Every structure is written in C-alpha cells, then in structure tokens.
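Since the structure comes first, as structure tokens, the remarks are kept for the end.
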Amino acid sequence: MEVARAIGVDIGGSGIKAAVVDVRTGVLVGERVRVPTPQPSTPDAVLAAAAALVEQLGAGLPVGVGVPGVVLGGVVMSAANIDAEWIGFDVRDALAGRFGVCSVLNDADAAGLAEMRFGAAAGHPGVVLMLTLGTGIGSALFAGGLLVPNTEFGHIEIRGKDGERRASAGARERRGLSYKRWAPLLEEYLRRIDALVWPDLIILGGGVSKRADRFLGLIDVRPPVMPAALLNGAGIVGAAVRAAEQDDGSPGVT
Ligand code: BGC
C-alpha cells in the first residue's frame, strides 16, 4: 500500500522539530512543531521530547527520525553535539515500543534525501554534496541519486580544529561574527571539502540557508553552491520520506 503521509522528526543540537509530511510532494501538512533540545541532551530526555511532538501531531503514521550522529542499523555511533550517552543507543528499538516501526538516519542524510528528491538537486545525475550548517556541520553525499550514508565531513580538520568548530552556523554565533566575517571561514572549509570530494554541486542547508543572500555572494569556490530549497525543513521531509518508504517495503540502508 502506498503511504502518502508520514511524520518526520529532526533532532538537532539546539532544537527538535517535527511535522506531518506529504511524502509524494515533500510539502509539510499543517504546522511544524518545535521544542528546544533538552539539556543535558541524553537519549531518554530527547526521545521523550520527540515523542511528545509526535503525539501532538497525531498517531498512526510512520515515523522517521533524523539524529545528529552516525546511525548504523538504528543504533547511534557518534555524538559530537549531543550527550555522549547516545553512543551505542538503539533509537529504533527505543521508539518501536511507542510508534511501531521507526526509521532512523543521520540528520544531514535526511536533509540531503529531501533536497535530492524535491529540492535544489532534484533529479541531479552527478555527485552532489549537501552540507547542513547548524550547531555542527552535517554532510550527505550522493552519486547518481544514491546516498553514501554517514559521511562526517563536518569533522575534517582545518588549522588543527574540527571543520565544524570553525565554520558552522553555531561557530559564527558563538564567536559573534557577522556574515561578512564568517564567509571566509566557510569558504576555506568548502575549498577543503572540494579538494577531497570534487562534487558537481554543493547545497547548503540549515537555518542559515534562509540568509544565503548575506554570504553566498562572498564565497568563491570551484563547484556551484546553492542554498537548500527546503531551507530548514529538509531534515523533517527526508526523515518522513525514509519512514514512508520503509513502511512501503522498499529497501532501506540503515
Ligand atoms: C555530527 C553529524 C551531524 C552534524 C549535524 C555533526 O557534529 O557528527 O553526524 O550530521 O553534526 O547535526
């Protein structure tokens, strides 16, 4: 049976966002709900907050969850911007009791899936790199429309530091930098990634994609760089699509 709607949940370092998504169009159905990520951001506290959002949106739909870490088989393997208790935590198992089958994937992979299907890279046949600029930097790499899951390009070292510590939107805010002062740091980061991956297209997502006019013109890199078409909603849409497709019997990687 074709699933038309699913709930997407995007767990981030600073907020948890969720919405019902029409998975055939990628459009949010009704309101997007958000709560701040609980601190400390332990799995129990975060999943309780996420579950409350899902319940608010209505029961009975497939649920997909994007988490800010590497995810293998529903288990989180890394935790750069969330509590270390997440490492080794089986999210899929923890949520199955509440919502039935849940799909769990990396948050940037979810955002990339949405942009590949409905957004800035829809139908792109080549190598596409989606980068989400938030608390950290998430990455999703596609070739011929297929995702290579769990790339972690936010952690490429630049000048002795994790790339995301220098160039994420969170780093800009922490250091009180204007977009103009931040742009060279982002440019340096993008050049480094380009030298390693040589993508045909880079898409920038996360909250700052709404402000792309403030910094994209200041960045000079080889590949075309576009803001995410789904802006900050891509992570929700991608998680919902993954949930609907798994529910539909399609093979899922993670
Ligand atoms: C994590 C990634 C995540 C990204 C964005 C990074 O610190 O390692 O897994 O996708 O932040 O949330």
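Laid out as a table, the results:
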item: DSSP-assigned coil residues among trypsin sites (Lys or Arg not before Pro) in segment 6-94, each with at most 16 further Cβ atoms within 10 Å; result: Arg24
item: GNM flexibility winner over the chain from Thr37, Thr151, Thr25 (Cα, springs under 10 Å); result: Thr25
item: Interchain or long-range residues, amide H under 5 Å from Ser103's placed H; result: Val63, Gly64, Val65
item: Which of Leu105, Leu113 is most accessible, then next, and so on - probe 1.4 Å; result: Leu113, Leu105
item: Length gained when the stretch Glu173-Arg159 is fully extended (0.36 nm per residue, less Cα-Cα span); result: 3.1 nm
item: Within segment 1-104, percent of DSSP bridges classed antiparallel, to nearest 5; result: 70
item: Ala4-Asp90 FRET efficiency (beta carbon distance; Förster radius 30 Å; 0.05 resolution); result: 0.55
item: Candidates Ala110, Ala143, Ala121, ranked by Gaussian network fluctuation over the chain, Cα under 10 Å, top entry; result: Ala143
item: Heavy-atom accessible surface of segment 70-223: percent carbon and sulfur, 1.4 Å; result: 51
item: Separation in nanometres of the label points that stand 7 Å from Cα toward Cβ, at Lys180 and Lys210; result: 2.3
item: Length-normalised contact order for segment 1-138 - Cα pairs under 8 Å, 6+ apart - percent; result: 21
item: Average accessible area per residue (Å²) across segment 94-221 - probe 1.4 Å, nucleic acids and ligands excluded; result: 42
item: Mean-position separation - Cα centroids, segment 7-69 and segment 209-238, in angstrom; result: 22
item: Average Cα contact separation per residue, segment 108-195, under 8 Å, 6 or more apart, as relative contact order %; result: 21
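The values are calculated or read from the model by the stated rules, or taken from the named source; none is laboratory data. Quantities reported herein were computed from a predicted structural model and do not represent experimental measurements. As a convention, Cβ positions derive from the backbone with ideal geometry for all residues, glycine included, and neighbour counts pool all protein chains shown. To get the accessible areas, we keep the full protein, side chains included, count just its heavy atoms, and leave off ligands, DNA and RNA. Shrake-Rupley method; radii C 1.70, N 1.55, O 1.52, S 1.80 Å.
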